[in-house]
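The values are calculated or read from the model by the stated rules, or taken from the named source; none is laboratory data. For clarity, every value in this text was computed on a predicted model and none was experimentally measured. In this analysis, Cβ positions are derived from the backbone assuming ideal geometry, glycine residues included, and neighbour counts consider all displayed protein chains.
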Amino acid sequence: MVKALAGARRSRFAPVLLMLLALLAVGGVYAIAAPTPAAADTSSPDQIAEGQKLFQANCASCHGMSAEGRDGIAPSLIGVGSAAVHFQVSTGRMPMAASAPQAPAKPPQFTAAQTKALAAWVATLGPGPSSPTAEQVDASLGDAANGMLVFRTNCAMCHNAIGAGGALSQGKFAPSLFHTTPQQIYEAMLTGPQSMPVFNDANITPEAKRDVIAFLMEQRADNASPGGANLGAIGPVSEGMWVWIVGMGALIAAAVWIGAKSS
Amino acid sequence: MSSTTGKDLTTGEHGTAGSLVNDPLAVGESAEAFENPGLPEHRHRLSDASPAGAKKVERQVALIFGLSMLASIVGVWGYFAFPMDATLGNVRYSTLSIGLGLGLGMLGIGVAAIHWAKALMSDVEQVDERHAQRSDDQTRTDAVQLLKDGAQDSQIGRRPLLKGALVGAVALAPLAFVVPLVGNLGGTWNVNAMRHTMWRQGTRLARDPDGALIRPEQVTIGSVWHVIPDGLNESEHMLEEKAKAIVLLVRLDPSELKVQPGREDWSWQGIVAYSKVCTHVGCPVALYEQQTHHLLCPCHQSTFDITDGAKVVFGPAKRALPQLPITVDDEGYLVAQSDFHEAVGPSTWERQRPIRGEDY
Ligand code: FES
């Protein structure tokens, strides 16, 4: 028996077998350890086929027939994952209407089902971040206080302390987050669209992402501004206008009235 | 001052002042060019014309006073109606009603008083000629004499000890106020404090704010990490240390990264770390544009190019952001190789001075 084993070890096939075993082990460990992509909506072959048709009719002129991208015009979409597609298409950023410093959000061109189909097809091109599950973006499960800490460190410098948005360079800007859906917020962090950096799951964990969403949803609550009108929450510009035009105007009017003769 | 010079000066002043009083418009040659138009003709108000008009004004004033009273009552009512408890809505209504009550209450008094004065009180113009500012010679000599007598009486000229003691006491008294005031300005006068941060050889890079350690494979291309030194959250002067030690970590495609001469081993496989304290006046530079690799300062729009040694490409900052040399330790965590090699933060003249006992 021992002899037989020893003989087998010297066999010509032993290295190949070992190699296969090792690969299996690595694959198995990876399957267990790797972050499992949200298995939220499994896409059917029909959906994928529809997505491909939609893509070739609406997106291929810039991104290429098989989404390989065109130099200087549009990036390759191989491996961007369904999250990026859902974000770009559901916010109306894609398809882009005109070339501009950055693609602005506009009314989406595709229905929710069409968007899903597009995302499903692009996801088949290569592995990439996929859209979050409903539970991952449920603000009621998040901790808004922790979300504020994370938001303040990573997001507030561009998106403003409560997500009202702000300017970047050369016509680019960080948009307001007041009308972005929780799923879109999650996808933006995960994929880093346009000028925005990526915040992968090691940097902002899925739980922390949900906390950020909870914090942003708090800002939309009816009593989010107990101090009264927040004037767009964009800081000194609108507040300064209010003080200089309305406040100073009232003072000048009062001074004129005091100095005028009674009739 | 001798009495003769005093007299000379005042005679000159007296001449000018006198002519001003007699004819306000007589300034040099323009006296003939313009004629004093005098006061405009008095126009009577509606309230002067008839008792009914006056009565109307009276009612208006009373009404405004009444509104003021009402507002004050609303303010007091608001205090009781909205107890300041934990609910945000109550805090809001409480401050709103008290503020409006107080504001309108006082504004009403002011408006009513002014309306009263303008519409009811006499509006006939009255002229009060201004008298000469200079007092007459007799008063002036008397005043000087009084001062002299006082000085004589205090014997200050004959007793230098008292003079010295008085000056000393007056000079010392404000120190008890000034020294703590100045002393509290900074707490420390050691400008070298800006030269060193918490980073040491082997200090691990940790995630801001929770302090999780960072492995290089987690820092993917396109992502940006806001970093603090490991152990910062437990350190004694957490905020002071954090203000100096904050770092931004990004991984760049090695083909995009222009390695700076002398810093070949300061990055780790395309991962670079730069101080987040703006070299202009020290705001946290944290607006990172992923596609251009530009890092913007929110305060005055200085822009730093992360691919090229964080050099300034726009704005008022005058030098690149200091780079933190990093590597990976035995356990696979990102660590600092040393402290920054230059002072972080604003470019003050102090940082030009060589650092004593330098040891990185
Ligand atoms: S502080 Fe950064 S530009 Fe002025």
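When B:Cys297, B:Cys278 are screened for being buried (at least 21 other Cβ atoms within 10 Å of the Cβ), assigned by TED's automatic domain parsing to the domain that holds B:Ile221 and more than 20 Å from A:Met196 (Cα to Cα), only B:Cys278 passes.
Looking at this structure, is A:Ala208 in the same structural domain as A:Pro175 (by TED's automatic domain parsing) and either touching an Asp or Glu at 6+ places or on another chain (Cβ under 7 Å) or under 27 Å from B:Thr95 (Cβ atoms) (or both)? No. Selection of segment B:104-128 for residues being closer than 29 Å to B:Val74 by Cα and more than 11 Å from chain A (Cβ to nearest Cβ) yields B:Leu104, B:Gly105, B:Met106, B:Gly108, B:Ile109, B:Ala112. Counting residues in segment B:307-314 that are within 14 Å of chain A (Cβ to nearest Cβ), within 16 Å of the ligand (Cβ to nearest atom) and of a type in the set (A, V, I, L, M) gives one or more.
Does B:Ala132 fit the bill of being in contact (Cβ under 8 Å) with a residue 12 or more places away in the chain, within 14 Å of chain A (Cβ to nearest Cβ) and in contact with a helix residue (DSSP H, G or I) (Cβ under 7 Å, 6 or more places away or on another chain)? Answer is no for this residue.
Could you go through segment A:149-163 and let me know if any residue there is more than 14 Å from chain B (Cβ to nearest Cβ) and either buried (at least 22 other Cβ atoms within 10 Å of the Cβ) or touching a residue at least 60 places away in the same chain (Cβ under 8 Å) (or both). Spell out how you get there, then give the answer.
The initial filter retains those residues of segment A:149-163 that are more than 14 Å from chain B (Cβ to nearest Cβ), namely A:162-163.
From what's left, either buried (at least 22 other Cβ atoms within 10 Å of the Cβ) or touching a residue at least 60 places away in the same chain (Cβ under 8 Å) (or both): A:162-163.
Yes, the conditions are met somewhere in segment A:149-163.
Condition (residue is away from chain B (no Cβ under 12 Å), part of a loop (DSSP other than H, G, I, E, B) and in contact with a His (Cβ under 7 Å, 6 or more places away or on another chain)) applied to segment A:207-220: is it met by at least one residue? Reasoning before the result, please.
First, the residues of segment A:207-220 that are away from chain B (no Cβ under 12 Å): A:209-210, A:212-217, A:219-220.
Still in the list and also part of a loop (DSSP other than H, G, I, E, B): A:219-220.
From what is left, the residues that are in contact with a His (Cβ under 7 Å, 6 or more places away or on another chain) are none.
No.
In the condition set (1) in contact (Cβ under 8 Å) with a residue 24 or more places away in the chain; (2) buried (at least 23 other Cβ atoms within 10 Å of the Cβ), B:Asp308 is compliant with all but (2).
Identify the residue in segment B:252-268 that is closer than 20 Å to B:Trp199 by Cβ and surrounded by fewer than 18 Cβ atoms within 10 Å (Cβ to Cβ) and, among all such residues, is nearest to the ligand (Cβ to nearest atom). First the steps, then the outcome.
Of all residues in segment B:252-268, those closer than 20 Å to B:Trp199 by Cβ come to B:260, B:262-268.
Still in the list and also surrounded by fewer than 18 Cβ atoms within 10 Å (Cβ to Cβ): B:260, B:262-265.
On the way: B:Gln260: 21, B:Gly262: 25, B:Arg263: 23, B:Glu264: 28, B:Asp265: 29 Å.
Only one residue tops the list, namely B:Gln260.
Taken together, the residues in segment B:72-106 that are among the charged types (D, E, K, R) and farther than 15 Å from A:Gly227 by Cα amount to 1. One residue stands out in segment B:290-306 among those that are closer than 15 Å to B:Tyr274 by Cα and in contact with a helix residue (DSSP H, G or I) (Cβ under 8 Å, 6 or more places away or on another chain): the one that is nearest to the ligand (Cβ to nearest atom), namely B:Leu295. Here B:Asp253 meets each of (1) without any contact (Cβ under 8 Å) to a residue 40 or more places away in the chain; (2) assigned to a helix (DSSP H, G or I) with one exception, condition (2).
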